[in-house]
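Structure first, then comments.
Rule-based calculations on the coordinates, nothing more; no lab input. Remember, it's a predicted structure, so these values are computed and weren't measured experimentally. Positions of Cβ are backbone-derived with ideal geometry, glycine not excepted, and every protein chain shown enters the neighbour counts.
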Protein chains: 2
Amino acid sequence: MPKVTFLPANITVEIPETETIIRAAMKAGLHINASCGGAGVCGKCRVFVEGGEVEGEPLPEGGYKACTLYPKSDVTIRIPVESEVDRRALLRPVKKVASAWLEAREAAQVSIDPAIKKIYLKLEPPSLENNMPDLSRLETALLQNLGVERLEVNWRLLRNLPYRLREKNFETTAILFEETPPKLLGVEAGNTTKRHFALAVDIGTTTICAQLVDLVSGKILGETSDYNPQISYGEDVISRIEFARKKDGLKILHEKVIECLGKLAQELCQQNNINPEELSHYSLAGNTVMSHFLLFLEPRFLRESPYVPVASRFPLVPAKDLGLPAGEQTILTLAPCVASYVGGDITAGVVATGMAKEDPLTLFIDIGTNGEIVVGNKDFLACAACSAGPAFEGGGIKHGMRATIGAIEAVSIDPQTLEPMILTIGNKKPKGICGSGIISLLATLFIEGIIDQSGKFRRDLNSPRIREGREGWEYVLVWKEESATGEDIVFTEADIDNLIRAKGAMFSGYQTLLESVGLDITMVERVILAGNFGSFLDLEQAIIIGLLPDLPRENFYFVGNSSLMGARMAALSKEVLAEMERVAQMMTHFELSAHPGYMDYYVSALFLPHTNLDLFPTVKELLQQIG
Amino acid sequence: MPKVTFLPANITVEIPETETIIRAAMKAGLHINASCGGAGVCGKCRVFVEGGEVEGEPLPEGGYKACTLYPKSDVTIRIPVESEVDRRALLRPVKKVASAWLEAREAAQVSIDPAIKKIYLKLEPPSLENNMPDLSRLETALLQNLGVERLEVNWRLLRNLPYRLREKNFETTAILFEETPPKLLGVEAGNTTKRHFALAVDIGTTTICAQLVDLVSGKILGETSDYNPQISYGEDVISRIEFARKKDGLKILHEKVIECLGKLAQELCQQNNINPEELSHYSLAGNTVMSHFLLFLEPRFLRESPYVPVASRFPLVPAKDLGLPAGEQTILTLAPCVASYVGGDITAGVVATGMAKEDPLTLFIDIGTNGEIVVGNKDFLACAACSAGPAFEGGGIKHGMRATIGAIEAVSIDPQTLEPMILTIGNKKPKGICGSGIISLLATLFIEGIIDQSGKFRRDLNSPRIREGREGWEYVLVWKEESATGEDIVFTEADIDNLIRAKGAMFSGYQTLLESVGLDITMVERVILAGNFGSFLDLEQAIIIGLLPDLPRENFYFVGNSSLMGARMAALSKEVLAEMERVAQMMTHFELSAHPGYMDYYVSALFLPHTNLDLFPTVKELLQQIG
Ligand code: FES
Ligand SMILES: [Mg+2]
Ligand SMILES: [Mg+2]
């Protein structure tokens, strides 16, 4: 990867050749005025190339637009004085963007031994001397092969059995689920042991992510995702539970998710020349509410006191019964849930990280549409849901939006001019601000002293960017002339308030849960950040605003979609599938709001980063340095 | 029951008040001219009442039509001289009609302990202190109740679980299938242990017979039957297998039988105020081909060498999957088959009779559309199919018909005038001859010396009833003036030939099968006649024609529909359900035609009653007495 050295700050970062210089600057923590999100429109992002090869369009008045400039070798770039940052920015550490972090190494490692086995059998073809029934012939061979006395047979396989056996003269592959007694799920003609596939899926409230997994090699053959189509009936789980109460509401939600899942399965199978009828396993993980919808289970009692799920551990389901593209042998498993708001996605995530088998005291955090936390190690596991709300996904934020094209994903602000530098997803004109942009903006406003610890704008800043709007004070991030919507994109004190409440709920959650098990935050040896959100998070900024605890940075791990990872591992290993049950059983669920100390913790967390700055020593030091 | 004494023969029989005098005469072995089948049309059946009370229409010229005359007390009836029989008829023993015989006593006895259990549970309703999921709450209680560590859960029950539990404040009844591990099939609201029902069904090639069984009391709540609607696509199994090869043929046959079964279930449930969704169990028994159709299994390999069924032991099937009226808990079992032509109906029958648990060497005979035989006792069981064909069900007989209204079911012939006495089912004008009528007619023709041992008509009888028709010699049983069809109803030498071949196939089957296991027919200690056919059979006549072996009459048992009986017992007792598997495994199947001695046995059996009269000592004696 080319090295990019910025002058006059003399800071060097590495970026791929496919990334722009403006992104390199953002990574370096350097400010370049850039108000159109890298769309090449505002023309404010001029830089000068002082060495190395670049690709980009020179500006007539000299220099290049940083947002359209790519490094082709190590390069030296001078940022002109109108963009140059003050000393405060220089003090900021080089950002560690999440995508550059390692996924927890062990996480994806698993020895391949799926619960669904394929066994190749060369049966003796029937003759007048031996004309036992097809099924008996198959069973006899299998019982011998497995060394068991009894098999349970899926009656559905009988329909095709005679054809399958005769297609390759009684060479056949049996598909079994390993249990006591083993379940004979299906048969295929000839030796198909090399073709053994699973679909691993994370059923998120917002997004459904699927991977096609080769159960022989362990390889991921393809990956795809789509929005959960239930979104049309409610953004969050609560509104969907409400929708489910309407006539046919539950049916619609159920059918929508099945339809989407089926589409993803079809798509991945088609790309890999696999007939979906060949699939052995749909290995799914989702939160409790998503799991209910998926199986067409009544969710209303999850919402009404005393908050009871229909089930938290789910029986095997024939995938065909759900209307999924599948053969008669295809089974579907759902990761077991722990409680109404700590679901199978968390169980799968915890299993995927391996934390339940290791010594270090680990804090597992999933910030998604809902926030869930788990703390523990091989000896114990405690979990809780935080009522953080969807602020970090853009929900309840005036110009918040999901992380799609045109979303502002990173922000820096010139502390003198208060001019922003913004980057948008896809380098398009900005439409709104997504989660990582929101955190970036909040941290920047705070660290530059534009807002105070309680999240209020300094009233004495003389800039058109800071104004009192109809809904109170706000910062104008993008003027309407440069936004995709034709409206000013602003960030309001109300937005900041929501964010502080959300991060406060998370942080007080860590504290309360740890206290519930007799520990405190300083004892945490490892923090694992799960979920899509984690992957785009700027760790420093998240600590600055008090969303994450101020612990040694090397103890943080981003595992990405650990729910999907766990689902994949469960397909690949019967031990993991069993481990899911063990971990779900082992997790003690705590109702945070029921804890007597919770409210105090929460109220104390409604400051940036926290009322008690001693909990955030590096932030405290940074604030002191900045003065 | 009134006693009816006939003069001048001075023979007394008992009949119910609802039976006619003409039937009493037939039972007594006495001949009354009666050529309209008891329809009251021919007016030839005049008798005189000499004592006792009767109900009936007096004839203007004196006396009554015997076919419309009912005894209201013990009565004395004089048969006028024009009807009186000769000494040969007097020699004939009083007939033992099958319906008067006892069913094998133990057969229907079974201690009630169904494999499907209902367990009433009073669960603790959820509270904030105990808000475990519905399923876990139920499972925890069940595991404790059953003293097991694991349950398998039918995922379909989850859909209704929360409503069912809450309907009676967490008082619920769990429905389980007892296995290792137990299967939780479903739940009902409140205590429904008193409502526990099964449908026992014999799926015959011709007739489907169903009983609604109370699994608590063991009582039969209702019984019904209908023709197997597959008949429209072929009378016998072979023609249906052929039909199944056509496009959608198998699907049609499958759907037809399911539809009929569903209709019978609905009907019985409705009559007993039971919702079919309450049914716990469809306990079915049928021959191998019917079992294949029922489960939508390819039957063609049953017909092609080496004659392989798809399955002979069938997994549990959720009844709903077959489209039957059922709840999600309702399971369907099918009695295990032994071979392509020895099916679950025979297994069920053998289990029902108890012969597989007892000492006496027993010959079990089922003469239906196909003939099947089993020989053995608690130590061994051997079975075979006889290619007897459907002659005894009227198939291949010129005026043969099924045992429905208008079918001639009993015949006697005046040996001097050769005038017949016929009785029809429903006392209607005759349409044709059914199985029992055919045997009756054949035996009568033979015993009266009208046909010889090879089944040929004596050519020297001077009667319009014996004539050479277009298709050879024949006996005119009903003149067209008195038949319902407007045609003469005749019985031809070709018919007789078919019958001799059919009974020869059965008898040589007994001999061959017995020889295969080192025994002979004289060693048989008990003969059990199964099937509908058995129930209407005149035992003496069946022995006279050589269809049944000439063994002590007290060793014969008619068990009626033993397939249905076995199916019912399997629903009532998990031991019987398991016994079915044991018996099916235990039965050694012999291919009769593969036995070197079979052809000789067969050819020797093509005489009335047999080439070797010493095999039929009582028939031999009777023939000698008649002279
Ligand atoms: S009238 Fe009585 S049998 Fe014909
Ligand atoms: Mg998630
Ligand atoms: Mg039968």
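Brief remarks follow.
- Dimensionless Rg ratio for chain B, taking C-alpha atoms and the 2.2 N^0.38 Å reference: 1.07
- Peptides A:278-290, B:64-76, A:582-594, ordered by how many other C-beta atoms sit within 10 Å of their residues on average, highest first, read A:278-290, B:64-76, A:582-594.
- Relative contact order of chain B, pairs being alpha-carbon contacts under 8 Å that are 6 or more residues apart, as %: 15 percent
- Nonlocal amide H pairs with B:S454, under 5 Å, H built at 1.01 Å: B:L608
- Pairs of Cα atoms nearer than 8 Å and 6+ residues apart set the relative contact order; for segment B:1-84 it is 36 percent.
- Within straight-line reach of A:K3, meaning a Cα separation under 18 Å, sit the following aspartates and glutamates at least 8 residues removed in sequence or on another chain: A:E14, A:E17, A:E19, A:E50, A:E53, A:E55, A:D74.
- Phi-derived couplings, Karplus 6.51 cos²θ - 1.76 cosθ + 1.60 at θ = phi - 60°, listed residue by residue for segment A:479-492: 6, 4, 4, 10, 9, 6, 9, x, 10, 4, 9, 10, 10, 9 Hz, with x used for Gly and Pro.
- A simple packing score, the average count of other Cβ atoms within 10 Å per residue, orders the peptides B:144-152, A:503-511 as A:503-511, B:144-152, with the highest score first.
- Karplus-derived 3J(HN,Hα), 6.51/-1.76/1.60, for each residue of segment B:229-246, Hz, glycine and proline x: x, 5, 3, 4, 10, x, 6, 10, 4, 5, 5, 6, 4, 4, 4, 4, 6, 5
- Other protein chain C-beta atoms within 10 Å of residue C-beta, averaged over B:300-313: 6.
- Normalised per residue, the volume of the convex hull around the Cα set of segment A:135-178 (Å³): 74 Å³
- Residue-normalised convex hull volume from the C-alpha trace of the protein assembly as shown: 206 Å³ per residue.
- When +1 charges are put on Lys and Arg Cβ atoms and -1 charges on Asp and Glu Cβ atoms, the dipole computed for chain A relative to its Cα centre reaches about 820 debye.
- Inter-centroid distance (Cα atoms) of segment B:428-468 relative to segment A:161-229, Å: 68 Å
- Other protein chain C-beta atoms within 10 Å of residue C-beta, averaged over B:126-136: 6.
- Equivalent ellipsoid dimensions for segment B:264-391 as semi-axes, Å, which come from the Cα gyration tensor, largest first: 29, 19, 13
- Estimated FRET transfer efficiency (A:N272, B:I405; beta-carbon r; R0 60 Å; 0.05): 0.40
- Put the Cα centre of segment A:555-607 next to the Cα centre of segment B:316-357 and the gap is 48 Å.
- Cβ-Cβ FRET estimate between B:S305 and A:K72, R0 fixed at 60 Å, reported to 0.05: 0.20
- Principal-axis tilt of helix A:344-353 within chain A, Cα atoms, nearest 10 degrees: 80 degrees
- Acute angle (nearest 10 degrees) that the helix B:134-146 long axis makes with the longest principal axis of chain B, alpha-carbon atoms: 60 degrees
- Under 5 Å between amide hydrogens, built in the peptide plane, is the criterion, and for A:I11 it picks out A:F6 among residues at least 5 positions away or on other chains.
- Average partner coverage of B:146-155, which counts Cβ from other chains inside 10 Å: 3
- 7 Å along Cα→Cβ, label-point gaps from B:E17 to other copies, nm, shortest first: 11.0
- Beta bridges assigned by DSSP with both partners in the protein assembly as shown are antiparallel in approximately 70 percent of cases.
- For A:M421, residues with placed amide H under 5 Å, excluding near neighbours: A:A34, A:S412, A:I413, A:D414
- Directionally averaged projected area (convex hull, Cα atoms, segment A:1-84), nm²: 4.6 nm²
- Spatial separation of Cα centroids for segment B:114-152 and segment A:258-301, in angstrom: 29 Å
- In plain terms, if you count all Cα to Cα distances in segment B:203-327 and split them into 5 Å steps from zero, the share in each step is 2, 11, 21, 22, 19, 13, 7, 4, 1, 0 percent.
- Its alpha carbons give segment A:116-189 an Rg and a Dmax of 11.4, 35 Å.
- Size of charge dipole - segment A:197-334 - debye, nearest 20, with Cβ of Lys, Arg +1 and Asp, Glu -1, no other charges: 440 debye
- Under Stokes-Einstein, with the Kirkwood radius over Cα pairs as Rh, the value for segment B:434-557 at 37 °C and 0.692 mPa s is 204 µm²/s.
- Inter-copy separations for A:T193, label at 7 Å along Cα-Cβ, nm, ascending: 5.0
- Cβ crowding within 10 Å averaged over residues, with B:196-207, B:235-246 ranked highest first: B:196-207, B:235-246
- Calculated FRET value between B:N612 and B:R582, using beta carbons and R₀ = 51 Å, to 0.05: 0.85
- Placing +1 on the Cβ of every Lys and Arg and -1 on the Cβ of every Asp and Glu, with no other charges, gives segment A:321-373 a dipole of roughly 40 debye about its Cα centre.
- For segment B:324-334, 3J(HN,Hα) per residue [Karplus equation, 6.51 cos²θ - 1.76 cosθ + 1.60, θ = phi - 60°, Hz, x = Gly/Pro]: 8, x, 6, x, 5, 8, 5, 10, 10, 10, 10
- Label point 7 Å beyond Cα along the C-beta direction, distances from B:G486 to other copies (nm, shortest first): 8.9
- As a rough footprinting exposure proxy, the listed residues A:T180, B:T347 were ranked by other beta carbons within 10 Å of their own, and the order from fewest upward is A:T180, B:T347.
- Dipole of chain B [Lys/Arg +1, Asp/Glu -1 at C-beta], most positive-end residue of B:G597, B:T68, B:S516: B:T68
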